[in-house]
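Enquirer: Just dropping this structure here.
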Amino acid sequence: MKKIKPAFLPAILILCLLIGSIGNLTSVLGVPALLVVVLLGAGLYFGAPRLDHLSTRQLRWGIGLGLLAMLIAQVVVLHVMPNTVYHDPYRVLSQADQLAAGHMTWDITYFWRYANNVPLAYLLSLWLRLTQLVGLSTNLSVHLLSILVLDSFIALALHTIWQLSQRASLLVVAFGFFALSPFAYTYYLQVFYSDLPTMLVLLIIIRSLLNWSQKTSRQRWFAGSGLVVAVMLGAMLKPNLVVLLPALLIVGLILARQHLWRQAKLTLPILLIVLGFGLSLPATKVIDVAANYQPRTAFSFPATKVIDVAANYQPRTAFSFPATKVIDVAANYQPRTAFSFPATNWILMGYNQHSNGGYSGKDVGRAIKQPSQAARQRYNLKTIPKRIKTLGVVGVIRLWVVKLGIVLNVQGIQRWYNGGFRAAPSWYSNHAGFYQGLTVIGYVAATLLMWGALMLKLLRWRPDLTDPHQILALLAVTTALGYLAFHTLLWEVEPRYGQAILPLLWVALAAIPRQASQSRPRWANQASLLNGATALLVAFGAAGVLGAQLPQKQVIAAQRSQLSVQYHAKPKTVTPGTVLAEVVDVNAPANYFSVQIHAGSQVQVTLTNLATGQHYRLTMAGSVARLHHQLAAGQYRITVQNLTTRGQQVDVTHTYHYQLAAHPLTVNGQSQPTASLIYTCMQR
């Protein structure tokens, strides 16, 4: 029997995916998720030949109708269950809303600390201005953008998978992953942020290299132009796209060693990728001409002492690129190094064993207290070696394994940057444990099934680099390893970071040649259907029985979007006698209600059941007014009154055109539709 020995790079990826798989099976729903994977995997093994006999016409109609049904479901989700976006995505959205309204200022310290999100905020503001021309609201514009980017990614991924594999069974499986799992209906649909655009950019880059040697001159011109733009945008949105460069270098060296470099004809696309990363000419031209240029449109550059700013410009991270300066100038963004964090801040957090290499509030707090960026850098360069020494060799390796498990963990896809639904429907809140459990099982099972199929292929793969598709597969594998190494060995980690490699894994799965198929017994079709039905029963049954053990606290209604005090967001000063009021829809029973006020503020906060007229007095605890009491479903009104003789501060979230809640905030009876209190209603 021939011993199976995977190639070096595929073997490393197999090891990483095995660690990630174990990390995804650690919760109470891990066992049922694994059982679903086994059942579905067996079902697909038995049913693949039948799927492969589907005609192209059947595939087109089936996938087309499926995508249409997916789109309808997405619209329903956004309409029925809008969520309260918080943390970084909300700050980007709020700034974009402000820029789109013509207020070209940066009023909080967030963007001075995390300047990598300036391009995203500015580009989003351009989209909002464009949609305002046709009368769309900001809320609808953001939802439309999410659907366009998400569904474009899904459609392009399916098209790429078909081009690379020509296998109906793999295409159907990919459709199931994207359209039948939580992927299309949770984080990527409900929260617009840089993660999904980055995945789309990566897919476009890989597609641009597909069959490059067989393209005509005209096709290469279009593909090359798109490649430069995609790389430039990707580098501005997520600087860690730079891992593509060492991946290209590694693949290039492998090709050269096998004397296949000339045959691959990748010199031009690689140069175009490098050009996309290093594009700086537009920035210098803007600096030359924009000093006295005063625009008032989305595509103009305000006169804001551009030369002075540019002369003192500090790169936003170690991976910053000059093209981002164009956005900074256009958006009237002026970096302030007194607030900015050096790249070593993320490396410091990456070796914090107490946070398992993830975001550390203590590390950020210490950095904020430092008087300058230079002081932060000195502190980090002194502390990082100490942490590594304290960990020791075994501790460092253990931390790397833990970080790899975190970065590949997909269990929390519903919770990423989701502060809770604004007013969850009663049918959801009353069975939240079931739906949340089903979401976890569904996405974990879909992910592990795809990883398992890829690992089996990688195990037997011996790259034949005379095949352009296999060169693409090797580049996808190498780039995926670059992303994982970047966050595991160097940077801090979050579970959603690992999703960046999703398009790369699908490309590798589709591009690696399949093994010769074995004959299936006559009962294979019946076994396939039985396995699929059993997998569904296991998923639904486990979600019903074990799902209730997942949610410790269930958000019934919330408006948690805010710019945050830590970034010097300004509270609203409430004059004596002023009354703030806001209606909240509570669609299921709850036992906890809180309203964020402001530290040291002296106001009276009450909650009134509009149907019964019953009043509840909230008590202050730090900066939050709280109520612990059983609340029936219904409409409630929050009332905040200043009964003192001097002004009091209250944290109020205010936007220009983005509607934060279903009901407006009223100030002394005057309605403010784009303002809201910050509140949370829960069943604890």
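The values are calculated or read from the model by the stated rules, or taken from the named source; none is laboratory data. Nothing here was measured: the structure is a model prediction, and the numbers come from that model. Cβ sites come from the backbone with ideal geometry, for glycine too, and all protein chains shown count toward neighbours. For the accessible areas, the whole protein counts, side chains as well, though only heavy atoms, and no ligand, DNA or RNA atoms are used. Shrake-Rupley method; radii C 1.70, N 1.55, O 1.52, S 1.80 Å.
Enquirer: Grab the other residues whose beta carbon is less than 12 angstrom from that of F593, score K and R as +1, D and E as -1, and report the net.
Expert: +4
Enquirer: Quick one: accessible surface of Y359, probe radius 1.4 Å, all protein chains present, in square angstrom to the nearest 10.
Expert: Accessible surface of Y359 is approximately 110 Å².
Enquirer: How much length, in nm to one decimal, is gained on full extension between S55 and Q630, taken as 0.36 nm per residue of separation minus their Cα-Cα distance?
Expert: 201.2 nm
Enquirer: Considering only protein heavy atoms, with the full assembly of protein chains and a 1.4 angstrom probe, order R220, R366, R113 by accessible area, largest first.
Expert: Ranked list, largest accessible area first: R366, R220, R113.
Enquirer: Shifting gears a bit: Where does each of 347-354, 117-124, 458-465 land if you order them by average Cβ count within 10 Å, highest first?
Expert: So the peptides 347-354, 117-124, 458-465, ranked by packing, come out 117-124, 347-354, 458-465.
Enquirer: For region 650-663, take each phi angle, set θ = phi - 60°, evaluate the Karplus expression 6.51 cos²θ - 1.76 cosθ + 1.60, and give the result in whole Hz per residue in order, putting x for glycine and proline.
Expert: Once θ is set to phi - 60°, the couplings for region 650-663 become 9, 6, 10, 8, 10, 10, 8, 9, 8, 8, 7, 9, 5, 10 Hz.
Enquirer: Once you keep just the Cα pairs under 8 angstrom separated by 6 or more residues, what percentage relative contact order results for region 526-658?
Expert: Relative contact order comes out at 31 percent.
Enquirer: Work out Dmax and Rg for the chain from the C-alpha atoms and quote the Rg first, both in angstrom.
Expert: For the chain, the Cα-based Rg and Dmax read 26.5, 89 Å.
Enquirer: Using a 1.4 angstrom probe with every protein chain in place, what is the largest-first accessible-area order of T105, T606?
Expert: T105, T606
Enquirer: For the pair S213 and I72, how long in nm is the line joining their label points, each one 7 Å along Cα→Cβ?
Expert: Simple spin-label model gives 4.6 nm for this pair.
Enquirer: State the extension gain, in nm to one decimal, for the chain segment bounded by V229 and L529, taking 0.36 nm per residue of separation less the distance between their alpha-carbons.
Expert: Length difference between fully extended and current span is 103.5 nm.
Enquirer: Something else: With helices defined as uninterrupted DSSP H runs, which ones in the chain have an alpha carbon span along their own long axis of at least 27 Å and mean Kyte-Doolittle hydropathy of at least 0.0?
Expert: The qualifying helices are 30-52, 56-80, 138-165, 217-237, 373-407, 432-460, 524-546.
Enquirer: With charges set only on the Cβ (+1 for Lys and Arg, -1 for Asp and Glu), what does the dipole of region 1-131 come to about its Cα centre, in debye to the nearest 20?
Expert: Roughly 660 debye, rounded to the nearest 20.
Enquirer: Around N83, which amide H atoms from residues at least 5 apart in sequence, or from another chain, sit under 5 Å from its own amide H, with H modelled in the peptide plane?
Expert: Here the answer is R422, since their amide H atoms fall under 5 Å of that of N83.
Enquirer: Can you list the residues, at least 5 places off or on another chain, whose amide H is less than 5 Å from the amide H of I556, using H built in the peptide plane?
Expert: So I556 has HN proximity to C681, M682, Q683.
Enquirer: Report the percentage of all Cα-Cα pairs in region 96-173 whose separation exceeds 22 Å, rounded to a whole percent.
Expert: 47 percent
Enquirer: When only the heavy atoms of the protein chains count and the probe is 1.4 Å, how do F177, F222, F434, F8 rank by accessible area, highest first?
Expert: Sorted descending by solvent-accessible area, the residues read F8, F222, F434, F177.
Enquirer: Let me ask something else about it. For region 59-200, what is one quarter of the convex hull surface built on the Cα atoms, given in nm²?
Expert: Over every viewing direction, the Cα hull of region 59-200 projects on average to 9.6 nm².
Enquirer: Taking only protein heavy atoms and a 1.4 Å probe, what accessible area per residue, in Å², does the chain have with all protein chains in place?
Expert: For the chain, the per-residue accessible area is 44 Å².
Enquirer: Then there's this: What order, most packed first, do the peptides 621-628, 367-374 have when packing is the mean number of other Cβ atoms within 10 Å of each residue?
Expert: 621-628, 367-374
Enquirer: Still on this structure, please answer the following. Under 5 Å between amide hydrogens, which residues at least 5 positions from N352 or on another chain qualify, with H placed 1.01 Å from N in the peptide plane?
Expert: Amide H neighbours of N352, under 5 Å, 5+ apart: G357.
Enquirer: Can you find, among Y45, L124, G30, the residue farthest towards the positive end of the dipole of region 1-128? Put +1 on the C-beta of Lys and Arg, -1 on that of Asp and Glu.
Expert: Y45
Enquirer: Would you work out the charge dipole size for the chain about its Cα centre, treating the Cβ of every Lys and Arg as +1 and the Cβ of every Asp and Glu as -1, and quote it to the nearest 20 debye?
Expert: Computed about the Cα centre, the dipole is about 1540 debye.
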